[in-house]
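The next block holds one structure in the form of structure tokens; read it before the comments.
The values are calculated or read from the model by the stated rules, or taken from the named source; none is laboratory data. Everything numeric here is computed off the predicted structure, so don't read it as measured data. The area values use the complete protein model at the heavy-atom level, side chains included, leaving out ligands, DNA and RNA. Shrake-Rupley method; radii C 1.70, N 1.55, O 1.52, S 1.80 Å.
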Amino acid sequence: MLTVRYFAGARAAAGVAEDQVPPGCTLHQLTATLVARRGERLGRVLGTASFLVDGLAWRDRDRPLPDPAVVDVLPPFAGG
Amino acid sequence: MIAVTEAPLDLAAHERAVVDPAAGAVVSFAGVVRDHDHGRTVRWLEYEAHPSAEAVLKEVAAVVAADPAVRAIAVSHRVGVLQIGDVALAAAVATAHRAEAFAACARLVDEVKARLPVWKHQVFADGTDEWVNCP
């Protein structure tokens, strides 16, 4: 199972802090599943977000995600 | 002194933390909560950090500290609810000469803003709110 953790504006857009998604998908497929479940507002955030998989940056949208895995959705940073 | 913390930040403590007999220059920076953004009045804001934020802050500080001109670095980011005038980011850099200290402190702040997984939630006077930089 994949655990998706939403942070900050991603959490606000999703309306929840976490989602559970069946494994066996790429990041591209995962984001499509999340948009279908939570709506286009989350889709806009996912389009600008970066992703961590089990704590490490994950940039390849077409490689299968590990199972199990924790996928963190990080909207654009706004510190300082 | 490198931390992501809910406690109020003390800029003078950061300056003291970089004192070094070989350093002729200490440049410090305070990022302060202001009462307006894009023409709108800000009432208060809240910073949220990813659990990795302090580790990332240490990496960023190490990158800037790798410059042989840099004698010492202190940098902290505050999280949680902040009021107007509160310090959100405190940074201090010590070098032998002033030009290097200004440059290194500016680089440190730029790198923190670019790389630190921290987010800012602004609440405006009209009751609306936004996550800064988030579509």
| Between region B:104-123 and region B:1-19, what is the C-alpha centre distance in whole Å? | 16
| said: With every protein chain left in place and a probe of 1.4 Å, what is the accessible surface of B:T41, to the nearest 10 Å²? | reply: 80
| task | With a ≥ b ≥ c taken as the square roots of the eigenvalues of the C-alpha gyration tensor of the protein assembly as shown, please select rounded if a/c is under 1.5 and otherwise prolate if a/b is larger than b/c or oblate if it is not? | result | oblate
| With Cα atoms, 0 to 90° folded angle of helix B:98-115 axis to chain B main axis | 40
| task | Would you kindly derive the ³J(HN,Hα) couplings of region B:40-49 from the backbone phi angles with the Karplus curve 6.51 cos²θ - 1.76 cosθ + 1.60 (θ = phi - 60°), listing them in order in whole Hz, with x for Gly and Pro? | result | 10, 7, 9, 8, 6, 9, 10, 9, 10, 10
| Mean separation of Cα contacts under 8 Å, 6 or more apart, over the residue count of region A:2-60: relative contact order % | 28
